[in-house]
There are 2 protein chains.
Amino acid sequence: MAAVLQVRRESLQVLLWQRAQEPHARRWSLPGGRLRDDEDVEASIRRQLAEKVDVRKLAHVEQLAVFSAPDRVPGGRIVASAFLGLIPCDVDPEVPEDTAWYPVDNLPDTAFDHEAIVRRAQGRLRAKLSYTNLGFALAPPEFTISALRGLYSAALGYRVAATNLQRVLSRRGLLEPTGHTSPPGPSGGRPAALFRFTGHGMLVTDPFAVLRPPSKGSGVDVR
Amino acid sequence: MAAVLQVRRESLQVLLWQRAQEPHARRWSLPGGRLRDDEDVEASIRRQLAEKVDVRKLAHVEQLAVFSAPDRVPGGRIVASAFLGLIPCDVDPEVPEDTAWYPVDNLPDTAFDHEAIVRRAQGRLRAKLSYTNLGFALAPPEFTISALRGLYSAALGYRVAATNLQRVLSRRGLLEPTGHTSPPGPSGGRPAALFRFTGHGMLVTDPFAVLRPPSKGSGVDVR
DNA sequence: ACAAAAGTGTTTTTAATACACCCATGG
DNA sequence: CCATGGGTGTATTAAAAACACTTTTGT
């Protein structure tokens, strides 16, 4: 079970497919499937997703939690390992007929406990945008600061100031200018500088919100 | 599979039991067992743990991650859902013969991938001590600030200043004085005031390390 | 009185948000 | 030349770390 998220048309959306069979026929569910004996859960979810989207487009995949209530699926208990997947906003992967993107804030009738899984994915993304470099997984290879602001705003659900976003990410060394610029729109304006993320692969940049270790002293000893 | 942690004698320790049978006989492993059809994974781990410790002593239990590498256990793949459990430092639960507490920084020869699970548990605890009220799960019902400092220091692995700890937790409304005091030790000193945590049950107190929503404006609208 | 531990008041540091203003381009 | 975004510089705010100093006890 994976909640694959992407910022599309200014809103955070999730990839759902419509069930054909009972139980919960015609309701929308997260892509997933059974685990094989020769793969771990992450390999499995990547294999399942390969049927829906080009998995090379997935910029980030991580575990969320196990959902295991005995009655979560009617007729025999199924344990689901839930994942979060992220796709950069510049790609529009081909998806099969029976799948569609839905805004996470306006979900259709969902199957089983899949709405809870989407909420979990959304919460995880929100949190990690604050203390990791996970923005790289939402953004295209090159972007303007205001485009990045749009991505963060959509994912976080509140307006982010472009100037502060740039400074926070720059201070952490996550952003670097490409040297290129983007031409202004039809109504004019100064051309925007293009940036890229300095690294791919998730990195925790702000591990201790508080109770940070003392700055003086070697820091190796305890107590 | 659960890493049950407790601060014992100034160090963060984990409860391990020594395997009698092959594979990995005589190596130390985390308590756990098979999931039944009528329970979810948390109910299951609590049932498994009941065989080792009085589960009423567990102040907090949470999921860590699924460990599912096909070869993690020799002879047939076993998927493990790993948990973190916390026991307040004032209780010394009875444990069976074949189990023992070990400092997480000085583990014995461990079975399977259990060392990785302990590392994960340690990391999770460290992180959550910073941005949640999880300290309540390590502390006794009443404690002095310096006792609490000892707990945080042991769990975090670096020295925490008592005065700053008190101020951080107080500002967040997590601490309240009980009105009682603790008598000083044999060498004298001012008697220490006793405190308690205001709430039990985990609470996130510092959700946005950075990129916090704008303080002005209602905060409900996007972009 | 003095040592020891607890607790308070104050300063310093850090890192974010807020805001005013300057810049570059298209019409 | 002015409207429209982009970008920079500076002030403000917030919260934690660091440290000096006072308080309360036992011996």
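Mean residue ellipticity at 222 nm, helices only, the protein assembly as shown: -7000 deg cm²/dmol; runs of at least 4 DSSP H residues each add -39,500 (n - 2.57), and the sum is divided by the number of residues. Short-range pairs are left out: with C-alpha atoms under 8 Å and at least six residues apart, the relative contact order of segment B:130-197 is 34 percent.
Loop-located GluC sites (Glu not before Pro) across segment A:1-55 with a Cβ neighbour count of 15 or fewer within 10 Å are A:E10, A:E51, with loop assigned by DSSP. A 1.4 Å probe over all protein chains sorts B:H200, A:H180, A:H114 by accessible area into B:H200, A:H180, A:H114, starting with the largest. Cα-based values for segment A:2-125, radius of gyration first and Dmax second, are 13.7, 41 Å. Can you pull the percent of segment B:2-124's accessible area that's carbon plus sulfur, 1.4 Å probe, other chains left in place? Roughly 44 percent of what the probe reaches on segment B:2-124 is carbon or sulfur. Bridge orientation summary for the protein assembly as shown: considering DSSP beta bridges with both residues in this region, about 85 percent are antiparallel. Mind checking the per residue accessible area of chain A for me, 1.4 Å probe, whole number of Å²? In whole numbers, chain A has 50 Å² accessible per residue. Could you tell me which trypsin sites (Lys or Arg not before Pro) in segment B:24-124 are loop residues by DSSP with no more than 14 other beta carbons within 10 angstrom of their beta carbon? Filter output for segment B:24-124: B:R26, B:R34, B:R36.
Considering chain B, its Cα convex hull presents a mean projected area of 17.0 nm². Taking chain B as the reference, fit the longest principal axis to its C-alpha atoms, fit the long axis of helix B:145-156 to the helix C-alpha atoms, and give the angle between the two in degrees, 0 to 90, nearest 10. Relative to chain B, helix B:145-156 is tipped by roughly 40 degrees.
Note on exposure: A:S182, A:S153 ranked by accessible area (1.4 Å probe, complete protein assembly) read A:S182, A:S153, with the most exposed listed first.
Could you work out the Kirkwood radius for the protein assembly as shown, taking every pair of different alpha carbons, averaging 1/r and inverting it, reported in Å? Averaging 1/r across every pair of different Cα atoms and inverting gives 24.4 Å. Using θ = phi - 60° in the Karplus curve 6.51 cos²θ - 1.76 cosθ + 1.60, the 3J(HN,Hα) couplings for segment B:22-39 round to 6, x, 6, 4, 6, 8, 9, 9, 7, x, x, x, 7, 7, 8, 6, 9, 9 Hz; x is entered for Gly and Pro. Counting only alpha carbon atoms, the long axis of helix B:162-171 and the longest principal axis of chain B meet at about 80°. Counting only other chain Cβ atoms within 10 Å of each residue's Cβ, the peptide B:77-85 averages 2.
The mean sequence distance of close C-alpha pairs (under 8 Å, at least 6 residues apart), as a share of the length of chain A, puts its relative contact order at 19 percent.
Averaged over the residues of peptide A:164-173, the number of Cβ atoms from other protein chains lying within 10 Å of each residue's Cβ is 1. Surface listing: A:I45, A:I78 arranged by accessible area from highest to lowest gives A:I78, A:I45, probe 1.4 Å.
Between A:R171 and B:R119, the modelled label-to-label distance comes to 3.1 nm, taking each label 7 Å out from Cα in the direction of the beta carbon. Give me the log10 of I(q) over I(0) for segment B:130-197 at q = 0.15, 0.17, 0.26 Å⁻¹, as the Debye formula computes it from C-alpha points; what are the numbers? Listed by q, the Debye log ratios stand at -0.46, -0.59, -1.29. What is the angle, in °, between the Cα long axis of helix A:114-131 and the longest principal axis of the Cα atoms in chain A? Nearest 10 is fine, range 0 to 90. Taking Cα atoms only, the helix is inclined about 20 degrees.
Each label point was placed 7 Å from the Cα along the Cα-to-Cβ direction; for A:Q21 and B:R34 their separation is 2.6 nm.
Converting phi to 3J(HN,Hα) with the Karplus coefficients 6.51, -1.76 and 1.60 and the offset θ = phi - 60°, segment A:83-92 yields 10, 10, x, 10, 10, x, 6, 8, 9, 10 Hz in sequence order, with x at every glycine or proline. Taking amide H atoms as placed 1.01 Å from N in the peptide plane, the amide H of B:H60 lies under 5 Å from those of B:L86, each 5 or more residues away in sequence or on another chain. Buried accessible surface for the B/A chain pair comes to about 3500 Å², total over both chains, computed with a 1.4 Å probe. Mind checking the log10 I(q)/I(0) for segment B:1-68 at q = 0.16, 0.23, 0.26 Å⁻¹? Debye, one equal scatterer per Cα, no solvent, two decimals. The Debye formula, applied to the Cα set alone, gives -0.63, -1.18, -1.33.
The values are calculated or read from the model by the stated rules, or taken from the named source; none is laboratory data. All figures in this text were calculated on a predicted structure; none of them were measured in a lab. Every residue, glycine among them, receives a Cβ derived from its backbone with ideal geometry; neighbour counts consider all protein chains shown. What goes into the accessible areas is simple: the full protein's heavy atoms, side chains included, and nothing from ligands, DNA or RNA. Shrake-Rupley method; radii C 1.70, N 1.55, O 1.52, S 1.80 Å.
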